[in-house]
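Sharing a structure below in structure tokens format, with a few things to ask.
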Amino acid sequence: MPRKFHLEIIATDRIFYKGDCEHLVITAIDGLVGIMAGHEPVVTTLPAGELKYMVDGKWHYAAISGGFIQVMPESSIILADNCELPEEIDIKRAEEARERAQERLRQKQSIKEYYQTQAALNRAMNRLKVSQKHFK
Ligand code: ATP
């Protein structure tokens with residue numbers, strides 16, 4: 001069993017997870033990154049994506065809608081806008097959010113609106129992916 005490190009996943013509305021874990025895999029800007037105890041210090045932003053962490057040999061999955069991570073050798077802290085378990089994701093709501101964003105992308109928008117719509121689309125697509133992959 002790998003050595004444990006402390007993990008905190010703090011969303012805007014709740015402490016999603018606080019405790020030890022053996023392995024953390026995040027979706028960073030440039031792809032998946034695995035983190036174990038002893039990792040070198042890093043601070044980076046997190047786009048909307050999937051994350052998974054192993055506790056006592058069992059993987060736990062979540063959809064994160066963007067945030068930051070601070071990695072230290074013995075602890076990692078994720079500050080997330082929102083974080084949901086696969087079974088908490090309302091698929092119909094995410095499909096509607098995806099359709100709204102896709103419809104807005106077909107219309108003329110300012111650059112700011114375009115980025116907001118793209119972000120909404122990414123959140124919806126990520127929720128759908130995480131729920132379909134991990135909630136049977
Ligand atoms: P929507 O347009 O449906 O509100 P959104 O991406 O704008 O989607 P967020 O601002 O990311 O929503 O989240 C607002 C709150 O709603 C958060 O508490 C988030 O966890 C929750 N939430 C958003 N979409 C879903 C979903 N499909 N299933 C479960 N919870 C959701």
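The values are calculated or read from the model by the stated rules, or taken from the named source; none is laboratory data. In this text, all values refer to a predicted model and were calculated from it rather than measured experimentally. Positions of Cβ are backbone-derived with ideal geometry, glycine not excepted, and every protein chain shown enters the neighbour counts. The protein model used for the area step is the full one, side chains on, heavy atoms only, and it has no ligands, DNA or RNA in it. Shrake-Rupley method; radii C 1.70, N 1.55, O 1.52, S 1.80 Å.
Give the residues of the stretch 39-58 that are exposed (fewer than 11 other Cβ atoms within 10 Å of the Cβ) and farther than 16 Å from G19 by Cα, sorted by residue number.
Within the stretch 39-58, E40, P41, V43, T45 meet the criteria.
Right, here's the next one. Could you say whether any residue in the stretch 57-73 is among the charged types (D, E, K, R) and outside any strand (DSSP E or B)?
Checking the stretch 57-73: not a single residue is among the charged types (D, E, K, R) and outside any strand (DSSP E or B).
How do the pairs read when you match residues in the stretch 81-109 that are over 24 Å from L46 (Cα atoms) with residues anywhere that are within 11 Å of the ligand (Cβ to nearest atom) and open to solvent by less than 100 Å² (accessible area, probe 1.4 Å), using Cβ under 6 Å and keeping only pairs 6 or more apart or on different chains?
R104/T117
How many of the residues making up the stretch 119-136 are over 23 Å from R14 (Cα atoms) and either open to solvent by 30 Å² or more (accessible area, probe 1.4 Å) or at pLDDT below 95 (or both)?
So the answer is 3.
Every residue in the stretch 83-118 that is surrounded by fewer than 18 Cβ atoms within 10 Å (Cβ to Cβ) and either of a type in the set (V, I, T) or under 13 Å from the mean Cα position of the chain (by Cα) (or both), please.
L85, I91, I111
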